[in-house]
Each structure stands twice: as C-alpha cells, then as structure tokens.
Amino acid sequence: MSEMIPFEKALEITRTRAVREVTFETVELSEAVGRVLAREVRTDMDFPPFDKSAMDGYACRRADLDGALEVLEVIAAGALPTREVMPGQCSKIMTGAMLPPGADAVFKVEDSELLPDGRVRFVGTEPPDNVARKGVDLEAGDAVLPCGTLLEAKHVSVLASVGCANPVVACRPRVGIIATGNELVEPTATPGPGQIRNSNSWQLAAQVKRAGGIPRYYGIARDRLEEISDALRQALAETDVVLLSGGVSMGDFDLVPEIMTGNGVEILFDRVAIKPGKPTTFGVAGDRVVFGMPGNPVSTFVIFEVFVRPFLLAWMGGGTGCNDPVLPLERELVRRKADRMEWLPVSVSEAGGLVPVRYHGSAHFLAISRADGLIPVPAGVFRLEQGSRLPVRRI
Ligand code: AMP
Ligand code: MG
C-alpha cells in the first residue's frame, strides 16, 4: 500500500491518463445530446439569411408612418414578396417572412388600425423597427460551437440551424462495471439473512450513461480471487474503463488491489485524503484504466462524480471542468475532524444558498437522493462561516 495523497494530486493523476487521441464518429442529430464535439462547427450561411420581419404586421417605409397606407399583398413566411413598397404603400407581412423591397420598417398588427376604405394606419407610440437584418447574428463561415463542446439540448438547435445534421463526435467510452461482495443479491431478489441488495452496479450504470459512457455490466463477483479476477480480465478485454465496487478497504476479504496487480494493472494510487472514499484505488493497464471504489453506496456515488465523471469527459476530449457554480453557505458548517477533504451533500435553497442535507455518513444513500449537489470542504478546515462561497458539483 502506498502513501495517502491529496485529492488534487489524485485527480491530476487520473486526468493525465484521460489524455489521448480522441476517436470519433458521426451521429444523427437525434442522438447528439450528451455527446462531445470532436470538430468545430461553423455556419454555412448568414443569420438571418435575409432581411426578415420579426413580427406579424405591415412592412412600409419609415417615412410613411403618419399616413394611411394602401396594402399591396400578404407575404407569408417562406414566400417571396412580389411588389416593391412605394410611398403611401405597405404589405402585410408575417413573422419570419422576407422584407419586400422598398420597405425599411414593420409595425405590428397590434399597432395598426384598419380603415373603412381598406387602407391601414400606424397607431403605435414608439417608432417601430421589427426588422432583423441579414447577417446581424452570424455570417457564413463563423464558428458557432467549439471542438470539445458537451452537446446539450440547447446546442442541438444550433447544429440544426447551420445544417450540421451529422455532427462529428467523440466515440463513447465503454465502461465495465463489477460489483464485489458475498453479501450482495440483485434488486429483483429479497435479501436473505446477512444479505443486502446490490445498488452500486445500477447506480454506476446510470451515472455512466449520464456522463456519456456506455455501461457494460459484469455482474456480482463473490469475494474470491478467481471470481473477481475472471470478471476483471473479461472487462479489461472488452471495455476502456473498469469500475469495481467494494473490496478495496482493509478487511480480510478486500481483495481488489491484489487482483488488479495480478492482472497486470499498475496501481497509481490506493489511498486518497478524501471523505468519503479514502481507499479509492486507481490503476492502469496499457490504455485501459481501473477505478477500485469503496463499496458504501455514497462513497461509490461520490467517487464517480468527482473522479470518474471528469475522467470520462476528458477521455472524450470534453475538457476537465464540470462548470460548478459557486454559491454561498446559508448557515455555518462545523466538523469535528479535518484530516481529509470532504465532499458533503447539500441542497440549494430557494434563495440560492447552500444548505447541508441531513447526512450520517457513507452508507446514507437517502441523503444523496435528497441533495442537489456536493461541496468540497478542504482538508484542514474545521469551520466554514455562513456566507462562505463554495463550488457545487451538481448531481
Ligand atoms: P466494502 O467496500 O466491500 O468493504 O463494502 C463497504 C460497505 O458497502 C459494506 O457495508 C457493503 O455491504 C456495502 N456494499 C458493498 N458493495 C455494495 C453494493 N454493490 N451495493 C450496495 N452496498 C454495497
Ligand atoms: Mg466487500
């Protein structure tokens, strides 16, 4: 066993291992969300592509706004205007339709009055504009999304608008999941005496999916060398990243580090000054990496969020930041021990302040289910005053 290292050092070690030549593929727009762009995206046309009306109304000459105007035609979105607007004239125009030649302003239907002779008049108070000029937002060739963007729903509209129907994205990491423990039965079973349900595998699979990876489940391995070894060997052969839960602590049946070494995995750290998750073990075998995570459900959850998720994002070329917002503590936070940095579950109040949720340690999975995020309390810090500002890892 090696010495305990600080969280930041451990994070750096995992990050270094995530840096690689990104492999890529193209996807349909319907599959783009959650993927990381492997190429910059540029627009193939101006936005707006033509001078267009931002309102349903009447397109006219600005100079004519005080008089009654003859209506030439009705211009629908997608239609081309057929008449030039001359003095004393206007054309009825719909939102998104092309501005007719001669017109330089649009007044809204709500600001118009229809006269008995069929003409219209502007009756608004503010001089209207309501014209979106060609190219004000973007010009053809402008970059719209940088390489490395983690695509969210809000980006899909950009891709669609600029005609990027098959974005080039990073391949998703295949992530093997192995649960270890004699006490475990699957959620479909009723645990017998001394047994509990395996929650970690399902939780991890969900976390992997949310982080953009492809989970692959290898089942529950009993705490026996051969059984865990077989599962690890298979996972190493078939996946890019292997997650093992349980078996990394100091117990008589905690065999995982030994099994990692026995399967050619070089262990880079096996103790981190972090709570929960001190015995977190990280190793590499060629271009494969293995995370050995302590089995308590909260530990597994937290270790995934603070190590594995950033790792998977970086593996896909998506940078390492998790964009944690910084928010103030709503009340003072005190702890009795400060030898390790601690990730604490918090909720965010309506006022936007951080409120620690009731939490009694790494088996308390309900606390996590009630939390909005995790805050890092640094090693050496016993007390954080009300109002202290902390980054929140949203969960
Ligand atoms: P271990 O890290 O193997 O010492 O396990 C620590 C604690 O987490 C023990 O109480 C285990 O029963 C529990 N545990 C281990 N694996 C799982 C799992 N897959 N699902 C739920 N609890 C687990
Ligand atoms: Mg165990």
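The values are calculated or read from the model by the stated rules, or taken from the named source; none is laboratory data. Just so you know, these numbers come straight off a predicted model, no measurement behind them. Glycine gets a Cβ as well: all are built from the backbone with ideal geometry, and neighbour counts include every protein chain shown. The protein model used for the area step is the full one, side chains on, heavy atoms only, and it has no ligands, DNA or RNA in it. Shrake-Rupley method; radii C 1.70, N 1.55, O 1.52, S 1.80 Å.
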Of all GluC sites (Glu not before Pro) in segment 64-122, the ones in DSSP coil with at most 12 other Cβ atoms within 10 Å are Glu84
If I take the Cα coordinates of segment 333-372 and project them onto the principal axes, what are the three extents in Å, biggest first?
32, 20, 13
Using Cα pairs closer than 8 Å and at least 6 residues apart in sequence, work out the relative contact order for segment 52-132, in percent.
40
Accessible surface of Thr190 - all protein chains present, 1.4 Å probe, nearest 10 Å²
120
Calculate, for segment 52-132, the solvent-accessible area per residue in square angstrom, rolling a 1.4 angstrom probe over the heavy atoms of the protein chains.
52
Per residue, how big is the convex hull around the C-alpha atoms of segment 323-395? Give it to me in cubic angstrom, could you?
86
Which loop trypsin sites (Lys or Arg not before Pro) in segment 300-395, with loop taken from DSSP, have no more than 16 other Cβ atoms within 10 angstrom of their Cβ?
Arg331, Arg335, Arg336, Lys337, Arg358, Arg370
Leaving out ligands, DNA and RNA but keeping every protein chain, what accessible area does Met45 have, in Å² rounded to the nearest 10, with a 1.4 Å probe?
70
The chain - convex hull of alpha carbons, volume per residue in Å³:
195
Measuring with a 1.4 Å probe in the full set of protein chains, what accessible area per residue, in whole Å², belongs to segment 326-394?
57
10 Å Cβ shell holding at most 15 others, DSSP loop, chymotrypsin sites (Phe, Trp or Tyr not before Pro): longest site-free stretch of the chain:
51-252
Per GNM of the chain with C-alpha springs under 10 angstrom, the most fluctuating residue out of Arg83, Arg42, Arg224 is Arg83
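P(r) tail for segment 52-132, what percent of Cα pairs lie past 23 Å?
Cα-Cα pairs of segment 52-132 separated by over 23 Å account for 7 percent.
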Antiparallel DSSP beta bridges within the chain, as percent of all bridges there, nearest 5
65
Gaussian network model of the chain, springs between alpha carbon atoms under 10 Å - residue of Leu366, Leu37, Leu344 with greatest fluctuation
Leu366
Rounded to the nearest 20 Debye, what is the dipole magnitude of segment 52-132 about its Cα centre when Lys and Arg each give +1 and Asp and Glu each give -1 at the C-beta?
200
In whole angstrom, note down how far apart the Cα centers of segment 84-151 and segment 324-395 are.
50
What value in Å³ per residue do you get for the convex hull of the alpha-carbon atoms in segment 129-223?
153
DSSP loop (so not H, G, I, E, B), at most 12 other Cβ within 10 Å: list which GluC sites (Glu not before Pro) in segment 273-354 pass both filters.
Glu332, Glu350
When N is the residue count of segment 255-395, what does its C-alpha Rg come to as a fraction of 2.2 N^0.38 Å?
1.13
